[in-house]
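Reviewing the structure listed below.
The values are calculated or read from the model by the stated rules, or taken from the named source; none is laboratory data. A quick note: this is a predicted structure, and the numbers were derived from the prediction, not measured. Note: ideal-geometry Cβ built from the backbone for every residue, glycine included; neighbour counts use all protein chains shown. The area values use the complete protein model at the heavy-atom level, side chains included, leaving out ligands, DNA and RNA. Shrake-Rupley method; radii C 1.70, N 1.55, O 1.52, S 1.80 Å.
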Amino acid sequence: MNLDWSPESEAFRARLVAWLDKNLIPDWTRRYATPESLVGFQRDWDRRLFAGGWAGIWWPKEFGGSEATLEQRAVYAQEMARVGAPDGLASFGRIFIGPGIMKFGTPEQRDLLPPILSGEAVWCQGFSEPEAGSDLASLRTSAVRDGESYRINGTKIWTTRGHLATHCLLLARTDPAAPKHKGLTAFLLKLPCPGLTVRPLPQINSKSDFNQLYFDDVRVDATQRLGEEGQGWEVALYVLGHERGAAMALRGTMNMEQTLRAWFAGGAGGPPSAAFMRSTVETVATRLLAYKIVSEDDGRSKGGQSGPVAKLFWTEAWQRMAEAAFLETGVGAQADHKAAPFADDIASLFLDSRRVTISGGTAEIQRNLIATRLLGLPR
Amino acid sequence: MDMTRSETERTAEDGVLRLLANTTEVTVAIERLADFGAFDIDATDAEGLALALGVVRGVGRTAAPIDITAGILARVAGGVTGLPAICVGHALAGGEVSVASMPEGALTVIAFDDSGASLWEIGDLELVAKGGFDAGCEVTRWRPRAGAQADRLHAAPVAMVRLALVDAEMIAAAEEMIARTLDHLKTRMQFGRPIGTFQALQHRIADAHVAVQAAGLACDYAAALIHVDDAGKALAWLRACHAYSAEAATRAAQTCFQLHGGMAFTAEFWPHRWLRRVFRLAADGGPPERHYQLAARYIRSEDDLGRFITHSGREEVP
C-alpha cells in the first residue's frame, strides 16, 4: 500500500497551496455574513480562480483548461476542502455544463465556454422535477416545437443557484410518445427570460441555494438546443457522469474531520467514546476509498467502479458521526447552535449532513448501482 | 499511489487457496500448509508480516479448520521474549486466562489485558474448561493456582501482529461469504425470479460489501503502520480497526447467513462454518467497545486526534 501522491501531483499541490495562501481569506464565512456580501465574495472568487489559472483545470487545453489528471483533481478537491474554499457561483458551469457544451455543442454554442471559465456566466441545471427525482427520465416539462423555436412549459426543482444564474441547462420532453429516455432534449437557456419565475427554497441549513423554476410558455430558439432532439438523456448522463467520486469523498473527509474536531472540543473531557473512535476509523476509511478510486484510474479519468461505494460510505458515515456527536454533546450542541450559513457547530453540521445521502444520487440509488453494476446482480 | 496489497501477500493468499482447495481433511490441510512453510513464518519484519497476512487471508477464505494465527503468534512471542514453547492468550475477568489453540508442550503463556501483558508458567495454571465453537480452534480456560504470580512484560509487538492477523483472516472470511452469497442470489429462484432481483436483498448485500470493503482498507492501513509509524499510534489504530472490522464483518456474516434462508441453518451447508470463523475472530480480546476504549487512550488532545486521523504522507508502507 502506497499512500503517496505522484511527484507531479505534489508539485501541483504545492503551487495550489501557495496560491491559496495568497488569495483566500481564512475567515471569509464570518466576514461575509449577509447573502448579498456572500454573493459578491463568491463572484470575486470565480474571477480570482480564473486569473490564477485554477478555473476548469480539468478542461481540455483547447478550451482554456490544463487537462488535469484524476489524481490532480483529487488533490485540488482535497486542498480546496482543507482551507474551506468557497465553490464560487460558476462551479456548475465549470464542472458539469462546460464539458457538456464541449461534447455536444455547435461551434456557436461553444462561444458560451469562455464566460463559464472566467466566472462571468453562472449556470444552473434544470433537471429534477417535483415528480421526477431519482426517476429523472420520467420528467414532464415539455418543449413543443413551434416554427424556429420551442415553447417550454413545466417546473423544475432543486435548481442550485437558479436565483443567481445567467444561464440554464434545461432537460425537457420533446416527444411524449417515445419511450421515456428517448423523448428528452437538452436546451441552453439565457436567463432571465419571459415566462420564467424563480422561487428560492429556504433550507434547514440556513442556506438558500435551491430554487423551484416555473416555465410558462418560455420561448427557446432552436439554435439553443444542445445536441439533437431525443439526445437529451445522453447529454444528461454525460454531464452528470464525470467521475467525481474521489473529489467528493475527499471533501467528505474534510467535513468529517471538521465534525470530529467540533465533537472532541465539545466533549466533557475524558477519553473519547466508542462512537467517536468508530468515526475516526470511518474518516480514514473514506480517504482510503478516495485513494482507491484515484489508484484505479485507467488514465481516462473514469475512476473505475468504486465511485458509488465511496459515495454511499462517506455520506452515511458522516451522518452517523454527526448524529452521534449531537447526541453525545446534547444540550451543549443546542446551546452553541448558530442558525447561519457555513456555521460549523455540531448542530449545524448535523443538519447539513442530512442532504448528502439525497443529493447527487440518493443512497438507495447508490445501493442499486453497487448491487447491479458492481456486484453483478440481475435487475 | 497504490492501494493493492503487496505481491508477497497476494501470492501467499493465492497459494494457500490452491493448497486448501478440494480438501476438507484437517490433516491433509495441515500437511500442505506445513510444506508451504506457513507454520515457520517470522512475522516480526515487514516482509514476514506480509507473508503471514496472505496466509491467514487464504485460511479465512476457506474457513479451513486450522488456527494458523496461533502458530504464527507463538513464533512471534518466542522471538520477542526469547522463550521456547510459548503461546498467546487473553486475561479474563476474575483473573482467569484463555488460550486459543494451545500447542502441545506449551510451557508459558502471554496473557494480554487492558494495561499490557502477563507471563504465566503453564504449571502455575489449572485447566478450568475446554471447548470449541469454531473447527480447528480449541479454546481453554485456566485459573492461576493459589499463590501463583505472573511476571509483567512489554509485548506490544505481539499484540499488534495478533490484531493484524485476526483482522486479515476475519475480513477475508467475510469477503468470501459475500462472494458466495452473490452466487446464491443470482441462482436461487423464488416467485419466478432470481432472489437477487429483489431490491431489499440487493441493498443488504450492497451494504455488506461496502462495509467490508471499507473495513478491509482500514485493516490494510493499520497493519502497514506496524513497521512505519510510532508504536503508540499503530497499536491504537489496530485496536480501533479491530473493533470496526469486527462490527462490519459480523454484520456482513449475519446478512449472508440470512440471505441463504433455511438451508443456512443446516450443519452440512457452508454458511455456519464461516459465521463461526467470523464471530470467533470478532470476539478475540473482547467486544468491539472494549477495543475502542483501549484505542481511545491514544487521543488525549486535539493534536493526538490530528495525528490519529492523518497519514504521515511520506513513507511507502509495505
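The table below lists the values:
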| quantity | calculated |
| --- | --- |
| Neighbouring partner chain Cβ atoms per residue of A:282-291, average, 10 Å criterion | 6 |
| Cβ charges +1 (Lys, Arg) and -1 (Asp, Glu), total dipole of the stretch B:175-318, debye | 620 |
| Pairwise burial B:A, computed as accessible area of each alone minus the pair, summed, 1.4 Å, Å² | 4400 |
| Sequence-distant lysines (8 or more away, or on other chains) whose Cα lies within less than 28 Å of A:Lys22 | A:Lys61, A:Lys207 |
| Shape of the stretch B:118-233, Cα gyration tensor, a/c cut at 1.5 | oblate |
| Chain-alone versus full-assembly comparison, the stretch A:1-29, residues with accessible loss of at least 50 Å² (1.4 Å probe) | A:Met1, A:Asn2, A:Leu3, A:Asp4 |
| Most to least accessible of A:His163, B:His154, B:His203 (protein chains only, probe 1.4 Å) | B:His154, A:His163, B:His203 |
| Where only alpha carbons of chain B are counted, the Rg and the Dmax (Å) | 19.8, 69 |
| FRET efficiency, 1/(1 + (r/R0)^6) with R0 45 Å, evaluated for B:Phe198 and B:Asp14 via beta carbons | 0.85 |
| Helix A:70-82 axis, angle to chain A major axis (alpha carbon atoms, nearest 10°) | 60 |
| Chain B: most fluctuating residue of B:Glu268, B:Glu247, B:Glu176 per GNM, C-alpha cutoff 10 Å | B:Glu268 |
| Members of A:Lys292/B:Lys233; A:Lys190/A:Lys311; A:Lys182/A:Lys292; A:Lys103/A:Lys190 lying beyond 25 Å, as alpha-carbon distances in this model show | A:Lys190/A:Lys311; A:Lys182/A:Lys292 |
| Protection proxy ranking of A:275-285, B:162-172, B:98-108 - average other beta-carbon atoms within 10 Å, highest first | B:162-172, A:275-285, B:98-108 |
| Probe 1.4 Å - accessible area at A:Ser359, Å² to nearest ten | 50 |
| Total charge dipole magnitude, chain A, about the Cα centre, Cβ charges on Lys, Arg, Asp, Glu only, Debye to nearest 20 | 200 |
| Solvent-accessible area per residue, Å², over chain B with all protein chains present [probe radius 1.4 Å] | 42 |
| Net charge, A:Asn205 excluded, C-beta distance under 9 Å - Lys, Arg +1, Asp, Glu -1 | +2 |
| Averaged over B:287-294, number of beta-carbon atoms from partner chains that fall within 10 Å | 4 |
| Dipole of the stretch B:1-43, positive direction: furthest Cα of B:Phe36, B:Thr23, B:Thr8, with charges on the beta-carbon | B:Thr23 |
| Furthest towards positive pole of dipole, A:Ala262, A:Gly100, A:Ala333, structure part chain A, Cβ charges | A:Ala333 |
| Binned Cα-Cα distance frequencies in chain A - 20 Å width, integer % | 26, 59, 14, 0 |
| Residue-averaged 222 nm ellipticity for chain B, from DSSP H runs of 4+ at -39500 (n - 2.57), nearest 500 | -18500 deg cm²/dmol |
| Lys/Arg +1, Asp/Glu -1 at C-beta; the protein assembly as shown dipole; positive extreme among A:Leu171, B:Leu53, B:Pro65 | A:Leu171 |
| For the stretch B:246-299, alpha-carbon Rg and Dmax in angstrom | 14.1, 47 |
| Distance in nm between pseudo-label sites at B:Asp183 and B:Glu126 (7 Å out along the Cβ direction from Cα) | 5.0 |
| Solvent-accessible heavy-atom area per residue, rounded to whole Å², over the stretch A:240-374 at 1.4 Å | 39 |
| Nearest-10 value in Å² for the accessible area of B:Phe279, using the 1.4 Å probe | 70 |
| A:Met102 accessible area, assembled protein chains, probe 1.4 Å, Å² | 20 |
| Residue of B:Asp220, B:Asp67, B:Asp14 that the Gaussian network model of chain B assigns the largest fluctuation, springs spanning Cα pairs under 10 Å | B:Asp14 |
| Share of carbon and sulfur in the accessible heavy-atom surface of the protein assembly as shown [1.4 Å probe, %] | 53 |
| All-pairs Cα distance distribution in the protein assembly as shown, expressed in whole percent, bin size 20 Å | 16, 45, 29, 9, 1, 0 |
| Compactness index (Cα Rg / 2.2 N^0.38 Å), the stretch A:160-315 | 1.43 |
| Extension gain from A:Arg320 to A:Thr106, taking 0.36 nm per residue of separation minus the Cα-Cα distance | 72.4 nm |
| Total formal charge among the other residues, if their Cβ is under 13 angstrom from that of B:Ala21, Lys/Arg +1 and Asp/Glu -1 | -1 |
| Peptide A:91-103, shielding by other chains (average Cβ, 10 Å cutoff) | 0 |
| List A:Lys207, A:Lys156, ordered by accessible area with a 1.4 Å probe, largest first | A:Lys207, A:Lys156 |
| Cβ charges +1 (Lys, Arg) and -1 (Asp, Glu), total dipole of the stretch B:235-298, debye | 140 |
| Proximal charge balance of A:Ala81 [Cβ under 12 Å; K/R count +1, D/E count -1] | 0 |
| Rg and Dmax of the stretch A:1-83, Cα atoms only, in Å | 14.5, 47 |
| Chain A, helix-only ellipticity at 222 nm - DSSP H runs n ≥ 4, -39,500 (n - 2.57), divided by all residues, nearest 500 | -13500 deg cm²/dmol |
